[in-house]
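No lab work stands behind these numbers, since they all come straight from the coordinates. None of these values were measured; they are calculated from a predicted model. Cβ coordinates were reconstructed from backbone atoms using ideal geometry, including for glycine residues, and neighbour counts include every protein chain displayed.
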Amino acid sequence: MATKSDEAVQYNGEDLKSFYFPNKFDHRQSAVPGNPCYNFRFRIFIFFTYIVVTQLGEIFGTPSDNINGVWDWGHLLTTPINQLYQEHRWFSAMMQISSALILDFAFFYVSLYWVLYERNFRLFAVLILFYAIRAVHLNIFKLEYSPNYYWEDPLVPSLVVKYGKYSDFFYSGHVGFLTICALEMRKVGKRYMALFFFICSIFQAFIVISFAIHYTIDVPGGYIFSHYFFNMVCYWEAKIDFVLKRLANCCSKTNKPISIAYENDTEKQQPTAI
């Protein structure tokens, strides 16, 4: 650890000259000694099994159908529900408003929790990365609208949900955003809220598929990308906060490190309720 000095940069309550990230663990080894991977015969067995499975997957798991347009099993299964939406406007409006209320609540709850109690940039680093990559996807690859696409304005405004026709497909922001909220709540120890947001993400998956505003592939894409970006930001979290601190010092008028009163009391940082 760096020695203290007047010009040291404060991070998480400590004075640091620079960041050191020691890499002492041999990543060729396992954190669980004695697991089967230490057996050479087992590794040979896995190697040849992988070859066999991939070959079988290429033969039986790769479709060769010549499809005109888009074929979506999720849309086919939810077609009766989609027809109910279009025939009964009150029903579709109720489902849309329920979806929007969940997303608005998640946005305010998680964001305000971060403002009031958290002292790192993790949450918004994940959200920026998630939506920035999504915006790139939406503009470099565009799909046609599903014939059952139905997303009329229910006449109840929402902060995070927009209505109408948009080529807003891969990957699902409805599902991905709630997954990020669930992962963040689990990270700070609020397991019940994490479970609530995860269950809500399943409801959102049903909504976006049954309204045909997303293709089925967009939903697992939202889960996978949000989980990947969250884990990636957690891995780089300390460096991200350190860079943010250095940028703040560079932008300060006094050219002196910005002094921040850190709360090291875990009870203050992670209260049981917001």
Prolate/oblate/rounded label for the range 84-180 (Cα gyration tensor, a/c 1.5): oblate
Estimated D of the range 73-266 in µm² per second, where Rh is the Kirkwood radius over Cα pairs and Stokes-Einstein applies at 25 °C, 0.890 mPa s: 134
Exposure proxy ranking, count of Cβ atoms within 10 Å, fewest first, for Cys181, Cys200, Cys251, Cys234: Cys251, Cys234, Cys200, Cys181
Burial ordering of Leu183, Leu76, Leu178, Leu244, fewest other beta-carbon atoms within 10 Å first: Leu76, Leu244, Leu183, Leu178
Residue order, fewest to most surrounding Cβ atoms within 10 angstrom, among Glu184, Glu237: Glu237, Glu184
Chain lengthening between Ile202 and Met94 when straightened (0.36 nm per residue, less Cα-Cα): 37.2 nm
Surrounding net charge for Leu129, when Lys and Arg each add one and Asp and Glu each subtract one, Cβ distance under 13 Å: +1
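Find how much the distance from Trp236 to Phe124 grows on full extension, using 0.36 nm per residue of separation minus their present alpha carbon separation; answer in nm with one decimal.
Gain in length upon complete extension: 39.0 nm.
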Relative packing of peptides 83-95, 119-131 - highest average C-beta neighbours within 10 Å first: 119-131, 83-95
Extension reserve of the Phe40-Glu152 stretch, reckoned as 0.36 nm per residue once the Cα distance is removed: 34.3 nm
Within the range 172-193: backbone nitrogen closer than 19 Å to the Tyr117 label point (7 Å, Cα to C-beta): 178-193
